[in-house]
Amino acid sequence: MTDTPSLTFLAGSAREDSVHKKIARVAAARATAAGASATFIDLRDYPMPLYDGDLEAREGLPAAALELKALFRASDGFFIASPEYNSSFSPLLKNTIDWVSRRATPDEPPRVAYQGKVAAIAAGSGGGLGGMRGLVALRMLLGNIGVHVVPQQLAIAGAPAVFDDHGQLTDTNQMQALEGVVGQLVSTASALKA
């Protein structure tokens, strides 16, 4: 079906047992159940140096940035689960967004991997706010680079305790909230494709 949205799911954490990878994987499964084409990616598989304009001028974009840019361009939208680092999102996620935003060729449109796309955002933490403060900064950044961020978002307080040993979300209320966020992402991405 040509109207089936293609969505990319990722976490702003490289840690193997990251709560955010668990959130993104569960969200991808829910998107598939809702009729979307969902792909989970692990940013650990796309290593890149810290963004450096001199490095870019000398060598161009890293191979991982070009690979991600192609994947993002082919996607209708994104689900991003990001840890909160000092009231903002992770440096891994920021570096990834920055490299992918750069032009691969002089004639490439600005921020082509992001313009007109839709995103949903989520976080989780052991604390009571569930990473909510970091989502404010992430929402602002995504909006500034041309991504439509759906209004609904998810912040899971006490996140490590609501996943089982297989990475499944066991809290019914949190699962319903996650399904709401994913549903809004899928329906918005579908509408934008029409």
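Overview of values
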| quantity | calculated |
| --- | --- |
| Hits in segment 3-25 (condition: surrounded by fewer than 23 Cβ atoms within 10 Å (Cβ to Cβ) and not hydroxyl-bearing (Ser, Thr, Tyr)) | ASP3, ALA14, ARG15, GLU16, ASP17, ARG25 |
| When residues of segment 49-65 are limited to those that are among the aliphatic types (A, V, I, L, M) and either exposed (fewer than 13 other Cβ atoms within 10 Å of the Cβ) or over 17 Å from the mean Cα position of the chain (by Cα) (or both), the one nearest to PRO91 (Cα to Cα) | LEU50 |
| Residues of segment 144-172 that turn out to be closer than 30 Å to VAL100 by Cα and in contact with a strand residue (DSSP E or B) (Cβ under 9 Å, 6 or more places away or on another chain), as a count | 10 |
| Members of segment 2-29 that are closer than 21 Å to SER125 by Cβ, outside any loop (DSSP other than H, G, I, E, B) and not aromatic (Phe, Trp, Tyr) | LEU10, ALA11, VAL19, HIS20, LYS21, LYS22, ILE23, ALA24, ARG25, VAL26, ALA27, ALA28 |
| Qualifying residue in segment 28-45 (condition: of a type in the set (D, E, K, R), buried (at least 23 other Cβ atoms within 10 Å of the Cβ) and without any contact (Cβ under 8 Å) to a residue 60 or more places away in the chain) | no |
| Filtered residues of segment 69-101 (kept if of a type in the set (A, V, I, L, M), touching a residue at least 40 places away in the same chain (Cβ under 8 Å) and part of a helix (DSSP H, G or I)) | LEU71, ALA74, LEU92, LEU93, ILE97 |
| Segment 7-55: number of residues that are on the phi > 0 side of the Ramachandran plot and in contact with a Leu (Cβ under 6 Å, 6 or more places away or on another chain) | 0 |
| Complete set of residues in segment 143-180 that are in contact with a Lys or Arg (Cβ under 9 Å, 6 or more places away or on another chain), surrounded by fewer than 21 Cβ atoms within 10 Å (Cβ to Cβ), assigned to a helix (DSSP H, G or I) and not charged (D, E, K, R) | MET175 |
| Cross-chain or 6+ apart pairs with Cβ under 7 Å, segment 102-122 first and under 12 Å from LYS69 (Cβ atoms), then charged (D, E, K, R) and not in a loop (DSSP other than H, G, I, E, B) | ARG102/GLU56; ALA104/LYS69; VAL112/ARG73; ALA113/LYS69; ALA113/ARG73 |
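A quick yes/no check of all residues on (1) modelled with pLDDT under 95; (2) under 19 Å from GLY130 (Cα atoms):
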position	(1), (2)
ASP3	yes, no
SER6	no, no
ALA11	no, yes
ASP17	yes, yes
LYS21	no, yes
ALA28	no, no
ALA33	no, no
THR39	no, no
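The values are calculated or read from the model by the stated rules, or taken from the named source; none is laboratory data. Note that the coordinates shown come from a computational prediction; the quantities given were computed from them, not determined experimentally. Using ideal geometry, Cβ is built from the backbone for each residue, glycine included, and neighbour counts are taken over all protein chains shown.
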